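To start, the structure under review is shown below, and the notes come after it.
The values are calculated or read from the model by the stated rules, or taken from the named source; none is laboratory data. This is a predicted model, so every value here is computed, not measured. Using ideal geometry, Cβ is built from the backbone for each residue, glycine included, and neighbour counts are taken over all protein chains shown. Heavy atoms of the whole protein, side chains included, go into the accessibility calculation; ligands, DNA and RNA do not. Shrake-Rupley method; radii C 1.70, N 1.55, O 1.52, S 1.80 Å.
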Amino acid sequence: EAEVAQSPRYKITEKSQAVAFWCDPISGHATLYWYRQILGQGPELLVQFQDESVVDDSQLPKDRFSAERLKGVDSTLKIQPAELGDSAMYLCASSYGTGHTDTQYFGPGTRLTVL
Amino acid sequence: GIQVEQSPPDLILQEGANSTLRCNFSDSVNNLQWFHQNPWGQLINLFYIPSGTKQNGRLSATTVATERYSLLYISSSQTTDSGVYFCAALTGGFKTIFGAGTRLFVKA
């Protein structure tokens, strides 16, 4: 069964350093999502791509976060510089269509710890 | 924006018991999903259910869109059902909003 791949699974970094997360969606899925999940809370959508275009990035802290999906397939989420409050699980998901009528499938996540 | 509220926040069950989890949303939605997050953090799809009723084994879900709520039923609970259950609503503005989750612990 096809799965969403993410790497790394765990990342420990010091504040002010740069970090990057990678996501490979299920083959053929046009929509890709990045979520942040703080411990004890539900996931919060950071950015949504339709193919290579950003559909929504209203919750992305653009002063330090950036996301790209250059060829409309895999995607990278970057944080520079990392802050203590960025410690969280970063989840990637994909869906076949726009998401309005499609199930979102999640990857295993990247757990980030900022020291 | 739309608010998604889940209840109860925490639930402890004896193995074999049944339970009902509730998800209320404050506005009309295009999509409603239920997920189970296991202890390793993986979110697993349970149901895509914008309206109506679906069943999958011991789990079933019902969404009454006109009254803005969805229910997840777990029957004959097992220890492996432990974890956090989330509902997520997709609004007309393409935004997916998750509830805060229901933390379930099933005792052997």
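Out of segment B:5-35, which residues are out of contact with any Lys or Arg (no Cβ under 9 Å at 6 or more places or on another chain) and either assigned to a strand (DSSP E or B) or among the aromatic types (Phe, Trp, Tyr) (or both)? Correct list: B:SER19, B:THR20, B:LEU21, B:ARG22, B:CYS23, B:ASN31, B:LEU32, B:GLN33, B:TRP34, B:PHE35. Only residues that are of a type in the set (S, T, N, Q) and either closer than 17 Å to B:ALA100 by Cβ or surrounded by 13 or more Cβ atoms within 10 Å (Cβ to Cβ) (or both) were counted in segment B:1-19, giving 4. Within the set B:THR102, B:THR79, B:THR62, B:THR53, the sole residue that is under 30 Å from A:VAL47 (Cβ atoms) and polar (S, T, N, Q) turns out to be B:THR102. Summed over segment B:56-81, residues that are at negative phi and over 13 Å from the mean Cα position of the chain (by Cα) total 11.
With the structure loaded, tell me whether B:SER51 is over 26 Å from A:GLN37 (Cα atoms) and either more than 14 Å from chain A (Cβ to nearest Cβ) or surrounded by fewer than 16 Cβ atoms within 10 Å (Cβ to Cβ) (or both) or whether it fails that test. Against the criterion (over 26 Å from A:GLN37 (Cα atoms) and either more than 14 Å from chain A (Cβ to nearest Cβ) or surrounded by fewer than 16 Cβ atoms within 10 Å (Cβ to Cβ) (or both)), B:SER51 qualifies. If the condition is being part of a loop (DSSP other than H, G, I, E, B), within 9 Å of chain B (Cβ to nearest Cβ) and in contact (Cβ under 8 Å) with a residue 12 or more places away in the chain, then segment A:9-58 contributes only A:PRO43. Being out of contact with any Pro (no Cβ under 7 Å at 6 or more places or on another chain) and exposed (fewer than 14 other Cβ atoms within 10 Å of the Cβ) is true of A:TYR10. Pairs are defined by a Cβ separation below 6 Å, a sequence spacing of at least 6 or placement on different chains, a first member in segment B:80-99 that is facing chain A (nearest Cβ under 8 Å), and a second member that is of a type in the set (Phe, Trp, Tyr) and part of a helix (DSSP H, G or I); no pair meets this definition. The condition of being open to solvent by 20 Å² or more (accessible area, probe 1.4 Å), in contact with a Leu (Cβ under 8 Å, 6 or more places away or on another chain) and modelled with pLDDT of 95 or more holds for B:LEU46. Would segment B:73-82 turn up any residue that is within 24 Å of A:GLU1 (Cα to Cα) and surrounded by fewer than 16 Cβ atoms within 10 Å (Cβ to Cβ)? Yes. Screening B:THR66 on (1) within 20 Å of A:ASP102 (Cα to Cα); (2) loosely packed, with under 14 Cβ neighbours inside 10 Å; (3) without any contact (Cβ under 8 Å) to a residue 60 or more places away in the chain; (4) of a type in the set (Ser, Thr, Tyr) shows it passes everything except condition (1). In segment B:17-32, the residue that is farthest from the chain's Cα centre (by Cα) out of those that are under 22 Å from B:ILE2 (Cβ atoms) and modelled with pLDDT of 95 or more is B:ASN24.
Of the residues making up segment A:90-115, those that are open to solvent by less than 10 Å² (accessible area, probe 1.4 Å) and either within 11 Å of another protein chain (Cβ to nearest Cβ) or aromatic (Phe, Trp, Tyr) (or both) number 10.
Number of residues in segment A:59-84 that are open to solvent by 60 Å² or more (accessible area, probe 1.4 Å), away from chain B (no Cβ under 12 Å) and not in a strand (DSSP E or B) equals 9.
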